[in-house]
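Peer 1: Pasting a structure here, questions to come.
Values quoted throughout were computed directly from the atomic coordinates according to the rules given, and no laboratory measurement underlies them. Because the structure is a prediction, the values reported are computed rather than measured. Neighbour counts run over all protein chains shown; Cβ positions are idealised from the backbone, glycine included.
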Amino acid sequence: MRQLTFIKKGRVEWLEVPEPQLTDSLQAIVRPFVAARRDGDCVPLFRSLTNLMNAGIALHVLDPLVTDVLGRKPFQGPFAFGHECIATVQAVGEDVHRVRVGDQVIVPWRSHVGSVSPAKTALPPGVQRAETRCSPLTDSALQWDLGEALLAINCWFLLPMRCCCRFQIAWNLYQ
Amino acid sequence: MLLPVPNSLEPISIASASDNIPDGYRTVAPHLQRWPGAPVLIVGGAARSIGLYAAGVAVAMGSSQVDYVDQDRERLEISESLGANPIQIPRGSIWLAKNHPAKAGRYLISVDASASADGVRFALRSLAPGGCCTGVGYYFFKNAKLPLAQMYFNTTTLHVGVSNPRSDLPDLLELIASRRFQPEKVTTLVASWEDAPQAFLQDTTKVVIHRPSAKL
């Protein structure tokens, strides 16, 4: 399939990438058919910020937490470009019951349920929802694929999978 | 968690429902539910569409006064089409730093969509006592200054953080379905899917791309 990819300031391209696969029973694969440029997308599109931001961090003008969210080289391409979409569900895992194949769905950029797999991982005592745990600081990747079909998207936790995995690891360590 | 699109809504009209529309909604809706009719100030800027969505929601929810401050003519015109009162300011943030109220403003609700410290300070200083300000931008600067004395004496609340769309979407979609709030007015360019690489590079408020939905 094709993936809309940010290359550098002023350059976005369609690139070929492997087809997504379901790897968990709580995942779904969706095919976006309406997508929007969110406001934050404009930041790297119209300015070369990587070196400027690193300089700002070195000079203590910018908060070093920026690199926890955006990586050591903020906005350095290439990366999958896209954040907002309406999509058609193409496949669902066996434990997904709220949406069915063929449904048209909104794909929120993040979940309001913080568990990757609530059935398998109990919330810590006193934690009803894990919004604070869904902080962008848990991973640098907040973009997902806007190609022919989306990467496998977890129905419970809509950040990209490597973020989910990292979150799951952190959760297990917490327990 | 995925959310089915209601049959009553055109998908293209809610293209930004994943983030920016609910991001605007959450800055004003909870406060207007608590304070019906409360006046709202929005400082527009880098968060191009979010401030406009906030303005549209505030008007739809019955705010008595929605003032939208920005330096961009396109966004000011959109704010007017949404029913807000556009206030044009000069380019650069100096105006925001020099024109804030000295003691208290007249808004119970303010929003910084400029993603600048000057914008946050202006939005904070424009609040009436007991007011609440929400900042939606990327705030990357270390040690940004806040008017803490004014905030203290006016019992001001500042909320800064990322949006949580899934929990707001049901109420928001209901508001859009009522047609009192029309988010499509914020969209300034609709392009075909194939043209995404060119369309997304247009320096305009909101770009939407689309293609036929899948036949399954």
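Peer 1: Within region B:172-185, is there a residue that is out of contact with any strand residue (DSSP E or B) (no Cβ under 6 Å at 6 or more places or on another chain) and at the interface with chain A (Cβ under 9 Å from one of its Cβ atoms)? Spell out how you get there, then give the answer.
Peer 2: First, pick out the residues of region B:172-185 that are out of contact with any strand residue (DSSP E or B) (no Cβ under 6 Å at 6 or more places or on another chain): B:172-185.
Checking the rest, the ones that are also at the interface with chain A (Cβ under 9 Å from one of its Cβ atoms) come to B:173.
Yes, the conditions are met somewhere in region B:172-185.
Peer 1: Does B:Gly83 qualify as being over 30 Å from A:Thr67 (Cβ atoms), surrounded by fewer than 20 Cβ atoms within 10 Å (Cβ to Cβ) and either hydrophobic (A, V, I, L, M, F, W, C) or touching a Pro at 6+ places or on another chain (Cβ under 8 Å) (or both)?
Peer 2: No.
Peer 1: Also, quick follow-up: Please find, among B:Gln202, B:Gln198, the residue that is more than 7 Å from chain A (Cβ to nearest Cβ), more than 18 Å from the chain's Cα centre (by Cα) and not in a loop (DSSP other than H, G, I, E, B).
Peer 2: B:Gln198
Peer 1: List pairs: first in region A:7-29 and touching a residue at least 24 places away in the same chain (Cβ under 8 Å), second of a type in the set (Asp, Glu) and surrounded by fewer than 18 Cβ atoms within 10 Å (Cβ to Cβ), Cβ under 8 Å, 6+ apart or cross-chain?
Peer 2: Sorted first by the residue in region A:7-29, then by its partner, the pairs are A:Ile7/A:Glu13; A:Ser25/A:Glu94; A:Ser25/A:Asp95; A:Leu26/A:Asp95.
Peer 1: Any idea which of B:Leu148, B:Leu158, B:Leu96 is out of contact with any Leu (no Cβ under 6 Å at 6 or more places or on another chain) and buried (at least 21 other Cβ atoms within 10 Å of the Cβ)?
Peer 2: Working: B:Leu148 fails: buried (at least 21 other Cβ atoms within 10 Å of the Cβ); B:Leu158 fails: buried (at least 21 other Cβ atoms within 10 Å of the Cβ).
Selected residue: B:Leu96, the only one of B:Leu148, B:Leu158, B:Leu96 that is out of contact with any Leu (no Cβ under 6 Å at 6 or more places or on another chain) and buried (at least 21 other Cβ atoms within 10 Å of the Cβ).
Peer 1: Another one. Quick one: would you say A:Arg110 is crowded, with 22+ Cβ neighbours inside 10 Å, charged (D, E, K, R) and either assigned to a loop (DSSP other than H, G, I, E, B) or more than 9 Å from chain B (Cβ to nearest Cβ) (or both)?
Peer 2: Working: crowded, with 22+ Cβ neighbours inside 10 Å: yes; charged (D, E, K, R): yes; either assigned to a loop (DSSP other than H, G, I, E, B) or more than 9 Å from chain B (Cβ to nearest Cβ) (or both): yes.
It is true that A:Arg110 is crowded, with 22+ Cβ neighbours inside 10 Å, charged (D, E, K, R) and either assigned to a loop (DSSP other than H, G, I, E, B) or more than 9 Å from chain B (Cβ to nearest Cβ) (or both).
Peer 1: Show me the helices (runs of 4 or more DSSP H) entirely contained within region B:53-146 in which 2 or more residues are within 14 Å of the chain's Cα centre (by Cα).
Peer 2: The helices (runs of 4 or more DSSP H) meeting that bar are B:73-81, B:117-125.
Peer 1: I would also like to ask the following. Return the pairs, sorted by first residue and then second, in which the second residue is among the basic types (Lys, Arg), the first residue lies in region B:117-137 and is more than 20 Å from B:Arg48 (Cα to Cα), the beta carbons are less than 8 Å apart, and the residues are 6+ apart or on different chains.
Peer 2: Pairs that qualify, where the first residue is more than 20 Å from B:Arg48 (Cα to Cα) and the partner is among the basic types (Lys, Arg), are B:Ser126/B:Arg106; B:Ala128/B:Arg106.
Peer 1: For region A:1-37: of the residues being at the interface with chain B (Cβ under 7 Å from one of its Cβ atoms) and charged (D, E, K, R), which is nearest to B:Pro197 (Cα to Cα)?
Peer 2: Step by step, filter region A:1-37, then rank; the result is A:Glu13.
Peer 1: Can you tell me how many residues in region B:28-45 are over 17 Å from B:Thr205 (Cβ atoms) and within 14 Å of chain A (Cβ to nearest Cβ)?
Peer 2: Number satisfying all stated conditions: 0.
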